[in-house]
Amino acid sequence: MIENLKRFREPLAWLAIALALLEIGLTAWRLVTNLGQGPVTEAFQDVGGSWLNTPLTLVVVVIVLSCSLVTPALRRALVLTRVAAGVLGAGVLLTFASVLMGMWASAGVGVVLDLLGGLLDAAFKALVAATLWIFLRGVRAGRIETAPTTAPMPQLNTEPAGAAAADPEPHATTWARDEAAGSVWWTANDAAAGAPGKDRMPEVADPAPSECPQTDQ
């Protein structure tokens, strides 16, 4: 499932950006419609928090950043990030403008409450959208590294089956080359095992002659 999500990150990112842009367009159409039916301040108050949907804003940021930070990164990841940052930035600016314009439609304590609520909502959306701008600036300055565009290839074990059981290092002998000059060993196994060499072959007593069986003449 995770691999499928990685494969469809780009279309999902474009879809999320398109939905955010569609929401901004529909809100703008509603604002224009309200302007012809009543005061300007009431029209802006009616659309104050509708320019950007908070969950959709979070989804856009998460998907777009995953295109650059999750291996393998998409080749057009930075293009996606710039487009998303522009769309979300426009939505945030329109939200702030609508909140400030709409506060004149309230009276008394309602002005303070509407202003605080609208500004907090706009500030949160601005913080989320600013993540993309900070990311782009960090990548441009070299302080943030994106993921590689190709997935790492799995390393195959090319060693023979018996190589793991073999000793990693050969057995070292206890004698040096200079010490071995002019030395003799009784067997090759003694030399390989590092046994000290002799100046000459050791004397071995002749084996006792075996008694020959006597035969009757």
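The values are calculated or read from the model by the stated rules, or taken from the named source; none is laboratory data. If you're wondering where the values come from, they're calculated on a predicted model, not measured in any experiment. For neighbour counting, all protein chains shown are included, and Cβ atoms are generated from backbone atoms with ideal geometry for every residue, glycine included.
Kindly indicate the residue of segment 37-55 that is touching a residue at least 24 places away in the same chain (Cβ under 8 Å) and touching a Leu at 6+ places or on another chain (Cβ under 6 Å) and also surrounded by the fewest Cβ atoms within 10 Å (Cβ to Cβ) among those meeting that condition. Spell out how you get there, then give the answer.
The initial filter retains those residues of segment 37-55 that are touching a residue at least 24 places away in the same chain (Cβ under 8 Å), namely 39-42, 44-54.
Next, from what is left, pick out any that are touching a Leu at 6+ places or on another chain (Cβ under 6 Å): 47, 51.
Details: Val47: 22, Trp51: 25.
Per the stated criteria, the residue is Val47.
One line per residue, one yes/no per condition, for (1) within 36 Å of the chain's Cα centre (by Cα); (2) assigned by TED's automatic domain parsing to the domain that holds Leu132; (3) at positive phi; (4) assigned to a helix (DSSP H, G or I):
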site	(1), (2), (3), (4)
Ala13	yes, yes, no, yes
Ile17	yes, yes, no, yes
Gln45	no, yes, no, yes
Trp51	yes, yes, no, no
Pro55	yes, yes, no, yes
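From Val64, Val59, which residue is in contact with a helix residue (DSSP H, G or I) (Cβ under 6 Å, 6 or more places away or on another chain) and either surrounded by 19 or more Cβ atoms within 10 Å (Cβ to Cβ) or not in a helix (DSSP H, G or I) (or both)? Reasoning before the result, please.
Numbers: Val59 fails: either surrounded by 19 or more Cβ atoms within 10 Å (Cβ to Cβ) or not in a helix (DSSP H, G or I) (or both).
Of Val64, Val59, the one residue that is in contact with a helix residue (DSSP H, G or I) (Cβ under 6 Å, 6 or more places away or on another chain) and either surrounded by 19 or more Cβ atoms within 10 Å (Cβ to Cβ) or not in a helix (DSSP H, G or I) (or both) is Val64.
Apart from one condition, Phe96 fits all of (1) surrounded by 21 or more Cβ atoms within 10 Å (Cβ to Cβ); (2) farther than 17 Å from Glu145 by Cα; (3) not aliphatic (A, V, I, L, M); the exception is (1).
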